[in-house]
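Structure, as structure tokens:
The values are calculated or read from the model by the stated rules, or taken from the named source; none is laboratory data. Just so we're clear, the structure is a prediction, and the values are computed from it rather than from any experiment. Every residue, glycine as well, gets a Cβ built from its backbone with ideal geometry; the counts of neighbours run over all protein chains shown.
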Amino acid sequence: MFDLIDLKYSGNIFLGRIVMKFLVCVDGSEQSYKAIDKAATIAAGLDDCEITAIYVYHIDSLVGVGEAYFTEEMIRRVHEQSKEEGENILADAQKIFEKRNLKVDTLLKEGHVATTIIELAEEGKYDVVVLGSRGLGGFKKLLLGSVSNAIAQEVKASVFIVK
Ligand SMILES: Nc1ncnc2c1ncn2[C@@H]1O[C@H](COP(=O)(O)OP(=O)(O)O)[C@@H](O)[C@H]1O
Ligand SMILES: [Mg+2]
């Protein structure tokens, strides 16, 4: 049972039951698998929840400054490959949640990674954004990566950074 104070602060209340909305950010990294696992463990203990797994791809960062040297066909291929990679990562996340009897929606978006997640967290009225502290990036000495750092600072919802 939740008391009135909990109810007052909960974002999503549906017919007296508390529905928590989770936005789980996945990039295929070990850390993001840990984030999936933690989110699933917490969600499994709740009355009700809605889970969305999101992957954002950003071809500008792949094509980068050399864009002038890429043909349209090459850019189209990079786009297709990034999308396919995202679909695989999301399908994997979906399997993990479903194995634990949790329903999950998947979202594949194109755009700047942190900005896209920050905007979506706001629009979708998520209660918690779950992500790994680090991802696929190389320089591991910093505690947070660029995505987790931006999300921790700018998302208005609660942010759960899994180490
Ligand atoms: N493209 C992405 N789409 C969705 N979530 C992402 C993406 N990139 C990173 N994340 C999330 O952010 C976490 C931290 O990654 P990031 O800040 O990119 O660290 P790094 O700099 O080590 O790659 C990841 O564990 C994942 O949960
Ligand atoms: Mg990264």
Note on region 99-118: residues under 14 Å from V24 (Cα atoms) and not hydrophobic (A, V, I, L, M, F, W, C) are K103, D105, T106, K109, T116
**Asked** Regarding R76, is this residue basic (K, R), at pLDDT below 95 and more than 10 Å from ligand 1 (Cβ to nearest atom)?
**Response** yes
If you go through K140, K103, the only one that is within 16 Å of ligand 2 (Cβ to nearest atom) and at negative phi is K140
The correct count of residues that are among the polar types (S, T, N, Q), within 17 Å of I36 (Cβ to Cβ) and in contact (Cβ under 8 Å) with a residue 24 or more places away in the chain in region 119-159 is 1
Expected single match for within 12 Å of ligand 2 (Cβ to nearest atom), surrounded by 18 or more Cβ atoms within 10 Å (Cβ to Cβ) and not hydrophobic (A, V, I, L, M, F, W, C) among S148, S82 is S148
In region 128-148, residues that are modelled with pLDDT under 95 and either in contact with a strand residue (DSSP E or B) (Cβ under 7 Å, 6 or more places away or on another chain) or more than 8 Å from ligand 1 (Cβ to nearest atom) (or both) total 2
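Conditions tested, residue by residue: (1) farther than 29 Å from D47 by Cα; (2) near ligand 1 (Cβ under 9 Å from one of its atoms); (3) under 19 Å from the mean Cα position of the chain (by Cα); (4) not β-branched (V, I, T).
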site: Q94; (1), (2), (3), (4): no, no, yes, yes
site: E98; (1), (2), (3), (4): no, no, yes, yes
site: E110; (1), (2), (3), (4): yes, no, yes, yes
site: E123; (1), (2), (3), (4): no, no, yes, yes
site: A150; (1), (2), (3), (4): yes, yes, yes, yes
* **Some residue of region 24-40 being among the aliphatic types (A, V, I, L, M), touching a strand residue (DSSP E or B) at 6+ places or on another chain (Cβ under 8 Å) and without any contact (Cβ under 8 Å) to a residue 40 or more places away in the chain** => no
Checking D48, D105, D3, D27 in turn, the sole residue that is surrounded by 18 or more Cβ atoms within 10 Å (Cβ to Cβ), acidic (D, E) and either away from ligand 1 (no atom under 11 Å from the Cβ) or modelled with pLDDT of 95 or more (or both) turns out to be D27
